[in-house]
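The values are calculated or read from the model by the stated rules, or taken from the named source; none is laboratory data. All figures in this text were calculated on a predicted structure; none of them were measured in a lab. Please note: Cβ atoms are built from the backbone with ideal geometry, for glycine as well, and neighbour counts cover all protein chains shown.
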Amino acid sequence: MTKKNNNKLTPRQEKFAQNVAKGLSKTQAAIEAGYSVKNAQKAGTALASDQNPKIKNRIQTLQTRAANLVSLNLGTHLNDLKDIRNGAVGAGMWSAAVAAEVARGKAAGLYVHKSELTINKVEMMTKEEILVRMDELYYESGGVLPKGEIIDLNTEEYDG
């Protein structure tokens, strides 16, 4: 007489556990594992209950293993980007290689995105500040913008 190993799941139990771990409902997992359609809901509930700790543990093990396979962490992300960069360099695709390397740097926290917003309201500026700002804009644009001048008008002349 052979002794049965109580630590192993039956093939149907293993198939059920794999199906639940894949995301099927307990009822559908039971049907796919070969349990009758008529009793599948009851079987699925019973198989995944605390009454069957081996099956419940197997489902948890399979789900944890699957989650670890698809999880993203900084180390794997940086290695993947390095592989992409190296592949791009090997193919002579320099812009793709640079983009991958920049993405690696950003992911590693080597780049800090900083933006500064300066608003100069002309109404709040003095005449001298406006002239200075116009000169700055002229030189910053490489001379594309016309060099401006402020024309003084007396309010009385303008109104009249």
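Answer yes or no: is there a residue in region 68-84 that is more than 26 Å from residue 107 (Cβ to Cβ) and in a loop (DSSP other than H, G, I, E, B). No: region 68-84 contains no residue that is more than 26 Å from residue 107 (Cβ to Cβ) and in a loop (DSSP other than H, G, I, E, B). Check region 20-28 and report whether any residue there is hydroxyl-bearing (Ser, Thr, Tyr) and touching a Leu at 6+ places or on another chain (Cβ under 9 Å). Taking every residue of region 20-28 in turn, none turns out to be hydroxyl-bearing (Ser, Thr, Tyr) and touching a Leu at 6+ places or on another chain (Cβ under 9 Å). All conditions in (1) outside any helix (DSSP H, G or I); (2) assigned by TED's automatic domain parsing to the domain that holds residue 17; (3) modelled with pLDDT under 90 hold for residue 142, with the sole exception of (2). So which residues in region 55-68 are closer than 24 Å to residue 33 by Cα and loosely packed, with under 11 Cβ neighbours inside 10 Å? Residues satisfying the conditions are 65, 67. Annotation: of all residues in region 107-126 being assigned to a helix (DSSP H, G or I) and surrounded by fewer than 13 Cβ atoms within 10 Å (Cβ to Cβ), the one that is modelled with the highest pLDDT is 124.
With the structure loaded, tell me whether residue 50 is at pLDDT 90 or above and part of a loop (DSSP other than H, G, I, E, B) or whether it fails that test. When the stated conditions are applied, residue 50 passes them.
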